[in-house]
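K.L.:
Below is the structure I would like to discuss, written out as structure tokens.
The values are calculated or read from the model by the stated rules, or taken from the named source; none is laboratory data. Computed from a predicted model, the values in this text were never measured in an experiment. As a convention, Cβ positions derive from the backbone with ideal geometry for all residues, glycine included, and neighbour counts pool all protein chains shown.
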Amino acid sequence: MKELSGKKLAAEIKEWCIDEVENLKAETGSSPHLLVLQYGEDAASKAYTNRIAKNCENIGIEFEYQQIKDDPESFLAILKNANQDPKITSIMVQQPLPDELKDSLEMINPKKDIEGITSASLGKLFAGYDTLVPATAEACMEILDYYNIPLKGQRAVVVGRSNIVGKPVSILLQQRHATVTMCHSRTRDLTAELQNADIVVAAVGRPKLITAEMLTGNSIVIDVGTNFVDGKLIGDVDFDSSAEKVKMITPVPGGVGTVTNQVLMRNIVKSFKNLH
Ligand code: NDP
């Protein structure tokens, strides 16, 4: 088994971002500027925001955080203003959002939509146009490419069909000529599907849902899952048993998540370039 660590790749993307931000600053006199907007309190989103702030600081990206409580009007006003403000080049709206504000994600200017979550961004991705791609989906592709894993004609099984991971990664794999099967909670026989896969992408959110018995010695496994169990981060794939059997597998932590953090930074750099 070969462990597909994301650490070196993440470091390379980070270095690229640092150089690029420096060059852009010299060229334009300004830097990429991210606004993270949060409605209400959510401990997990707060922790994620702190991590993003640190990553921005390391790269030279301006970081701004606004938290609004019990005032949907102000939240919408800040979002509208951020769309128009030329200083703000990237916008992230933290989830979960209350029902009354769920549609606000659609308001994000697609050029500043660094998570690639608006229907405009996703529509472009699905149609094969250049756009900001959801960072986790792109991170999966980056790892496959970094380790020179062939995709053309390969059978890929994606478990999970969310707009932010499962669907976009399926599209990206298919654009690279893999034959893609999408599985979800209603899939009749997940094991049978996985037994036919050359590449497995697990994006479910169920700790150790996929076990060694479901995989083969030919499987290349990209584990997107991030599940906290007893204070420990574990994936959707049972790493310990699977690692002995499969051809290649990403670790959790140190795999997809590590690369995703830096791909998100790269999207911030890209959005700045798109706007200038
Ligand atoms: P969602 O909850 O939005 O989607 C989960 C998907 O898994 C759904 O499509 C669901 O099917 C499917 N599913 C649920 N149970 C089963 C099952 N028993 N068998 C097969 N499929 C099942 O999750 P996300 O896509 O947002 O996230 C998935 C995982 O990836 C989570 O662990 C999340 O924390 C992690 N993640 C990691 C990131 C990273 O950077 N490493 C970034 C984003 C997410 P159905 O559609 O039928 O309900």
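K.L.:
So, in the stretch 116-129, how many residues would count as being among the polar types (S, T, N, Q) and in contact with a helix residue (DSSP H, G or I) (Cβ under 6 Å, 6 or more places away or on another chain)? Lay out the reasoning, then the answer.
P.N.:
Keep residues of the stretch 116-129 that are among the polar types (S, T, N, Q), which gives 118-119, 121.
Of the ones still in play, those that are also in contact with a helix residue (DSSP H, G or I) (Cβ under 6 Å, 6 or more places away or on another chain) are 118, 121.
Qualifying residue count for the region: 2.
K.L.:
Moving on to the next point. Based on this model, can you work out whether Ala243 counts as surrounded by fewer than 19 Cβ atoms within 10 Å (Cβ to Cβ) and either aromatic (Phe, Trp, Tyr) or without any contact (Cβ under 8 Å) to a residue 24 or more places away in the chain (or both)?
P.N.:
The answer is no for Ala243.
K.L.:
For the stretch 237-276: of the residues being among the hydroxyl-bearing types (Ser, Thr, Tyr) and part of a helix (DSSP H, G or I), which is nearest to the ligand (Cβ to nearest atom)? Outline the logic, then answer.
P.N.:
Just the residues of the stretch 237-276 that are among the hydroxyl-bearing types (Ser, Thr, Tyr), to begin with: 241-242, 250, 258, 260, 271.
After this cut, where a residue has to be part of a helix (DSSP H, G or I) as well, the list is 241-242, 258, 260, 271.
Numbers: Ser241: 18, Ser242: 16, Thr258: 8, Thr260: 3, Ser271: 19 Å.
Among residues in the stretch 237-276 that are among the hydroxyl-bearing types (Ser, Thr, Tyr) and part of a helix (DSSP H, G or I), the one nearest to the ligand (Cβ to nearest atom) is Thr260.
K.L.:
If I filter the stretch 75-106 down to residues being closer than 20 Å to Pro134 by Cα and β-branched (Val, Ile, Thr), which single residue comes out as farthest from the chain's Cα centre (by Cα)?
P.N.:
Among those residues, the one meeting the criterion is Ile88.
K.L.:
Can you find even one residue in the stretch 125-133 that is touching a Leu at 6+ places or on another chain (Cβ under 6 Å), part of a loop (DSSP other than H, G, I, E, B) and over 23 Å from Thr49 (Cα atoms)?
P.N.:
yes
K.L.:
How about the stretch 1-115: which helices (runs of 4 or more DSSP H) wholly inside it have at least 1 residues that are in contact (Cβ under 8 Å) with a residue 60 or more places away in the chain and either surrounded by 19 or more Cβ atoms within 10 Å (Cβ to Cβ) or in contact with a helix residue (DSSP H, G or I) (Cβ under 7 Å, 6 or more places away or on another chain) (or both)?
P.N.:
Because the criterion is at least 1 residues that are in contact (Cβ under 8 Å) with a residue 60 or more places away in the chain and either surrounded by 19 or more Cβ atoms within 10 Å (Cβ to Cβ) or in contact with a helix residue (DSSP H, G or I) (Cβ under 7 Å, 6 or more places away or on another chain) (or both), the helices (runs of 4 or more DSSP H) in the stretch 1-115 that meet it are 7-28, 43-59.
K.L.:
Can you pull out the residues in the stretch 171-187 that are away from the ligand (no atom under 14 Å from the Cβ) and either outside any helix (DSSP H, G or I) or among the small types (Gly, Ala, Ser) (or both)?
P.N.:
Arg176, His177, Ala178, Thr179, Val180
K.L.:
Among the residues of the stretch 72-79, is there at least one that is within 27 Å of Lys273 (Cα to Cα), in contact with a Gly (Cβ under 6 Å, 6 or more places away or on another chain) and modelled with pLDDT of 95 or more?
P.N.:
Scanning the stretch 72-79 turns up no residue that is within 27 Å of Lys273 (Cα to Cα), in contact with a Gly (Cβ under 6 Å, 6 or more places away or on another chain) and modelled with pLDDT of 95 or more.
K.L.:
Still on this structure, I have one more. Applying the selection to the stretch 191-210, what residues are polar (S, T, N, Q) and either under 18 Å from Ile143 (Cβ atoms) or within 12 Å of the ligand (Cβ to nearest atom) (or both)? Talk me through it step by step, then tell me what you get.
P.N.:
Step one: list which residues in the stretch 191-210 are polar (S, T, N, Q), which gives 191, 195-196.
Within the stretch 191-210, Thr191 is the sole residue that qualifies.
K.L.:
Regarding Glu73, is this residue within 30 Å of Asp145 (Cα to Cα) and among the acidic types (Asp, Glu)? Can you show your working first?
P.N.:
Details: within 30 Å of Asp145 (Cα to Cα): no; among the acidic types (Asp, Glu): yes.
No; evaluated as a whole, the condition is false for this residue.
K.L.:
Give me the residue from the stretch 246-256 that is buried (at least 22 other Cβ atoms within 10 Å of the Cβ) and not aliphatic (A, V, I, L, M) and, out of that set, nearest to Ile199 (Cα to Cα). Please lay out each step first, then the result.
P.N.:
Taking the stretch 246-256 and keeping what is buried (at least 22 other Cβ atoms within 10 Å of the Cβ), we get 249-250, 252, 255-256.
Keeping just the survivors that are not aliphatic (A, V, I, L, M) gives 250, 255.
On the way: Thr250: 12, Gly255: 15 Å.
Of everything passing the filter in the stretch 246-256, Thr250 is nearest to Ile199 (Cα to Cα).
K.L.:
Something else now. Is it true that some residue in the stretch 188-207 is part of a helix (DSSP H, G or I), crowded, with 24+ Cβ neighbours inside 10 Å and either without any contact (Cβ under 8 Å) to a residue 24 or more places away in the chain or touching a Pro at 6+ places or on another chain (Cβ under 9 Å) (or both)? Quick ask: steps written out before the conclusion?
P.N.:
Going through the stretch 188-207, the residues part of a helix (DSSP H, G or I) turn out to be 190-195.
Pick out the ones that are also crowded, with 24+ Cβ neighbours inside 10 Å and you get none.
Within the stretch 188-207, not a single residue is part of a helix (DSSP H, G or I), crowded, with 24+ Cβ neighbours inside 10 Å and either without any contact (Cβ under 8 Å) to a residue 24 or more places away in the chain or touching a Pro at 6+ places or on another chain (Cβ under 9 Å) (or both).
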